[in-house]
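Input: a single structure, listed below in structure tokens.
The values are calculated or read from the model by the stated rules, or taken from the named source; none is laboratory data. Quick caveat: nothing in here was measured; it's all calculated off a predicted structure. Here the Cβ positions follow ideal geometry from the backbone for every residue, glycine too, while neighbour counts run over all protein chains shown. Just so you know, the surface numbers come from the protein's heavy atoms only, side chains and all, with ligands and any DNA or RNA stripped out. Shrake-Rupley method; radii C 1.70, N 1.55, O 1.52, S 1.80 Å.
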Amino acid sequence: MSGYVEAGYVVVLGTLGTYGITLMVRERAARRRVGSVATAARHRLRPAFSAAPPDPSKDADIRAQAGDVSTPKRPAGEGSGPGTFS
Amino acid sequence: MSTSTRLLPKDRAAAALRVLGVVAFVGVAATVWLGLFVTPPDEFMGNLVRLLYIHPPMAWVAFLAYGVATLGSLLYLWPRTRAEHFDRLAGASAEVGVVFTGLTLVSGSIWGRPTWGAWWVWDPLLTTTALLFVLYLGYLALRRVPGEFHVRARRSAIAGLIAFVDVPIVYFSVEWWRSLHQAPTVLNPTTHKTYVHGSMAWTLLLGFVSFTLVYVWLVAHRYRLAKLQDLEDTEGLEAALAERRAEAVTG
């Protein structure tokens with residue numbers, strides 16, 4: 001058999017195998033990271049949740065910076081500028 | 001609903017994915033064994049025909065992947081069916097499609113060197129396939145451009161639809177232009193005849209089925225990874241919000 005045939009099989013199977021293993025490793029690492037972030041948010045910061053009520057204006061700023069979908073939109077003019085302080 | 005009953009469908013999905021992986025692996029192993037050791041050499045190509053048990057399945061899976069990515073993009077763009085999972089499906093399928101397109105080009109090049117005497121020729125089929133590869137690489141690059149989720153998803157979906165225009169051009173290029181690449185041999189659209197028979201045909205068919213299963217397995221894992229990455233971003237955001245609130249209390 002020519003070396004071309006073996007080379008073709010090695011390239012195809014090697015690439016697919018490497019890609020598949022990489023995906024599984026990345027998935028496992030992501031699962032670990034999600035678990036640790038969630039745990040940290042729940043345990044380390046719990047007193048802060050109970051001590052202070054959420055400030056929607058600050059939350060909106062952070063969500064906007066992160067490009068979050070559910071950013072609450074403030075109507076134009078509301079919350080800043082003259083006429084809103086009462 | 002208890003925690004155990006909520007986790008049950010996820011466990012079933014993970015188990016099904018594992019079974020799918022094993023079946024796909026066995027199928028590919030059988031294809032390799034039949035292709036390399038059982039099937040006879042071809043009358044004209046000799047042993048080089050063995051490369052054709054993997055090359056056409058690679059091309060088929062690439063087309064399938066781009067078809068699924070396009071369907072996902074369309075479903076995302078359609079307001080009634082718009083959902084994040086369709087965007088994730090499109091991204092996952094396109095990425096796997098790029099891998100298979102790359103392998104189509106490389107395996108074809110390895111076959112072309114001893115058959116045509118060149119690693120690469122600017123044949124219409126090869127050129128349009130290379131263009132397809134570059135188009136979807138661009139699509140994947142576009143998906144990584146930061147931005148608000150739905151804006152990013154919408155522009156990716158539109159780019160995906162534009163890139164898909166090249167798929168029928170690739171397929172029909174051997175018919176439309178004078179091409180060095182041979183016309184389809186499994187089922188020729190012009191003559192409606194099959195030019196592969198016996199153990200060669202069965203091995204090729206097994207190759208198509210096995211690599212399609214590999215595709216499904218890879219897309220499922222890529223989809224799960226994308227979902228976890230999105231969740232990670234959300235969790236990180238929630239943690240940042242909580243830290244800000246904590247600062248507000250202490251400060």
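Data overview
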item	result
Close pairs (6 angstrom Cβ cut-off, 6 or more residues apart or separate chains): modelled with pLDDT of 70 or more in the range B:189-204, among the aromatic types (Phe, Trp, Tyr) anywhere	B:Thr203/B:Tyr53; B:Leu204/B:Tyr53
Any hit, the range B:176-189, residues being open to solvent by less than 20 Å² (accessible area, probe 1.4 Å) and part of a helix (DSSP H, G or I)	no
Answer from B:Val209, B:Val214 - the residue that is more than 8 Å from chain A (Cβ to nearest Cβ) and within 30 Å of A:Gly17 (Cβ to Cβ)	B:Val209
Selection within the range B:32-77 - β-branched (Val, Ile, Thr), buried (at least 16 other Cβ atoms within 10 Å of the Cβ), over 19 Å from the mean Cα position of the chain (by Cα) and assigned to a helix (DSSP H, G or I)	B:Val32, B:Val49
Residue list for the range B:146-168, filter: of a type in the set (Val, Ile, Thr) and either at positive phi or open to solvent by 60 Å² or more (accessible area, probe 1.4 Å) (or both)	B:Val151, B:Ile158, B:Ile162, B:Val165
Cβ-Cβ under 8 Å pairs, at least 6 apart or on other chains, the range A:22-34 side at the interface with another protein chain (Cβ under 7 Å from one of its Cβ atoms) and over 13 Å from B:Gln229 (Cβ atoms), far side at pLDDT 95 or above and open to solvent by less than 70 Å² (accessible area, probe 1.4 Å)	A:Met24/B:His221
Residue list for the range A:1-28, restricted to those being open to solvent by less than 60 Å² (accessible area, probe 1.4 Å) and either out of contact with any helix residue (DSSP H, G or I) (no Cβ under 9 Å at 6 or more places or on another chain) or hydroxyl-bearing (Ser, Thr, Tyr) (or both)	A:Ser2, A:Gly3, A:Tyr9, A:Gly14, A:Thr15, A:Gly17, A:Tyr19
B:Asp87 more than 29 Å from A:Ile21 (Cα to Cα) and open to solvent by less than 20 Å² (accessible area, probe 1.4 Å)	no
Sole residue being open to solvent by 60 Å² or more (accessible area, probe 1.4 Å), under 27 Å from B:Leu71 (Cβ atoms) and either among the hydrophobic types (A, V, I, L, M, F, W, C) or more than 12 Å from every other protein chain (Cβ to nearest Cβ) (or both), chosen from B:Leu132, B:Leu142, B:Leu126, B:Leu137	B:Leu137
Selected residue (only one of B:Phe100, B:Phe164 is under 22 Å from B:Met58 (Cβ atoms) and within 13 Å of chain A (Cβ to nearest Cβ))	B:Phe100
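Quick grid of which residues meet (1) out of contact with any Ser or Thr (no Cβ under 7 Å at 6 or more places or on another chain); (2) closer than 29 Å to B:Val22 by Cβ:
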site: B:Thr127; (1), (2): yes, no
site: B:Leu142; (1), (2): no, no
site: B:His150; (1), (2): yes, no
site: B:Ser156; (1), (2): yes, no
site: B:Ala159; (1), (2): yes, no
site: B:Ser173; (1), (2): no, no
site: B:Leu180; (1), (2): yes, no
site: B:Met200; (1), (2): no, yes
site: B:Leu205; (1), (2): yes, yes
